[in-house]
Amino acid sequence: MKNVSPAQPPAAAYDGPGANIHPIFEQVLSRAEKEKRLRQRARVIWLFGLSGSGKSTLAIALERRLAAEGFTTHLLDGDNLRTGLNRGLGFSDADRTENIRRAAEVARLFAQAGIVTIASFITPFRALRDTARGIIGAADFFPAYVHASFETCARRDPKGIYAKAAAAGVADFTGRDSRFEPPAPDEEALFIDTETASPEAALGQLHAAVRARIAFVSE
Ligand SMILES: Nc1ncnc2c1ncn2[C@@H]1O[C@H](COP(=O)(O)OS(=O)(=O)O)[C@@H](OP(=O)(O)O)[C@H]1O
Ligand SMILES: Nc1ncnc2c1ncn2[C@@H]1O[C@H](COP(=O)(O)OP(=O)(O)O)[C@@H](O)[C@H]1O
């Protein structure tokens, strides 16, 4: 049989220590082509806030509404990733950093596939949100701060985790032993106050902001 050597890719495609063994030119469909087929612009909606602030409630309701409108979406959240990809990571600053780094890399992959991605993580430090923005890219990253006070979250406590933390049964608990840094104005996060907004009103606020960003504009 004739020995055919494969076409050589441009040298630049293999540059760098983390070079991908599947160079970009082998991609069959570009992101733009995928978005066109899905008739949507992919974005990463990053919900952050205390445990019990209402992130999951909003994330699930947003995904339901967008799906009903014909959008293709995917939901990523702390509880799910921590049982799989991020199993073994705890809540030290270093572990949260790795947790968010991996979550942001996964979210970026979904966005590259044209999918509207809803991420729900406490993401308590500004540096973590900056990491997520840096990985995903500022143009694709849409942060929303889901706010409720520690006291309100402790009163809601659907998982019993605040009661457990009060009995010193949870290490590095956010808001108690580990800090939560509210977003600074220059982070430009959407502010959703679940202290005052009902779940329906909070969804309405988030949905309106998201729809404006994911609407498909044909060229
Ligand atoms: N120490 C401590 N502090 C805060 N939260 C804790 C802790 N231990 C377990 N849990 C549960 O883990 C969920 C948060 O995980 P995240 O991956 O979102 O956290 S982080 O972004 O890495 O800070 C969080 O879920 P949510 O209530 O959905 O936020 C908690 O149920
Ligand atoms: N806008 C809201 N107003 C009042 N309670 C809410 C609101 N959103 C969520 N909740 C309640 O708060 C609790 C925590 O919500 P959840 O979505 O699980 O928070 P998180 O994912 O941030 O931990 C639940 O009992 C939920 O019913």
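FYI, it's all coordinate maths here, none of it is from the lab. These numbers were taken from a predicted model, which means no experiment stands behind them. Neighbour counts run over all protein chains shown; Cβ positions are idealised from the backbone, glycine included.
Of the residues contained in the stretch 52-72, one or more are found to be assigned to a helix (DSSP H, G or I) and within 7 Å of ligand 1 (Cβ to nearest atom).
Hey, among the residues in the stretch 144-159 that are near ligand 1 (Cβ under 10 Å from one of its atoms) and exposed (fewer than 14 other Cβ atoms within 10 Å of the Cβ), which one's farthest from E195 (Cα to Cα)? Top of the filtered list is K159.
Residues of the stretch 161-211 that are over 17 Å from A59 (Cα atoms) and of a type in the set (A, V, I, L, M): I161, A163, A165, A166, A167, A168, V170, A171, A184.
The residues of the stretch 175-204 that are more than 29 Å from A165 (Cβ to Cβ) and either touching a strand residue (DSSP E or B) at 6+ places or on another chain (Cβ under 6 Å) or among the charged types (D, E, K, R) (or both), listed by number, are D186, E188, E200.
Suppose the filter is touching a residue at least 12 places away in the same chain (Cβ under 8 Å) and over 14 Å from the mean Cα position of the chain (by Cα); does A107 pass it? When the stated conditions are applied, A107 does not pass them. Scanning the stretch 110-133 for residues that are within 20 Å of I214 (Cα to Cα) and either away from ligand 2 (no atom under 16 Å from the Cβ) or without any contact (Cβ under 8 Å) to a residue 60 or more places away in the chain (or both) yields F110, A111, Q112, A113, G114, I115, V116, T117, A132, R133. Checked against (1) under 12 Å from the mean Cα position of the chain (by Cα); (2) more than 13 Å from ligand 2 (Cβ to nearest atom), D77 passes all but condition (2).
Of everything listed in (1) within 16 Å of ligand 2 (Cβ to nearest atom); (2) crowded, with 20+ Cβ neighbours inside 10 Å; (3) touching a residue at least 60 places away in the same chain (Cβ under 8 Å), the single unmet condition for A165 is (3).
No other residue among E195, E200 is assigned to a loop (DSSP other than H, G, I, E, B) and either without any contact (Cβ under 8 Å) to a residue 60 or more places away in the chain or within 14 Å of ligand 2 (Cβ to nearest atom) (or both) apart from E195.
What do you reckon, is A59 buried (at least 18 other Cβ atoms within 10 Å of the Cβ), touching a residue at least 40 places away in the same chain (Cβ under 8 Å) and either among the aliphatic types (A, V, I, L, M) or away from ligand 2 (no atom under 14 Å from the Cβ) (or both)?
Working: buried (at least 18 other Cβ atoms within 10 Å of the Cβ): yes; touching a residue at least 40 places away in the same chain (Cβ under 8 Å): yes; either among the aliphatic types (A, V, I, L, M) or away from ligand 2 (no atom under 14 Å from the Cβ) (or both): yes.
Yes: the conditions hold for A59.
Total residues in the stretch 96-143 satisfying the condition of being more than 11 Å from ligand 1 (Cβ to nearest atom) and not in a helix (DSSP H, G or I): the figure is 13. When the stretch 81-95 is filtered for residues that are over 19 Å from G169 (Cα atoms), in a helix (DSSP H, G or I) and within 9 Å of ligand 1 (Cβ to nearest atom), only L81 remains.
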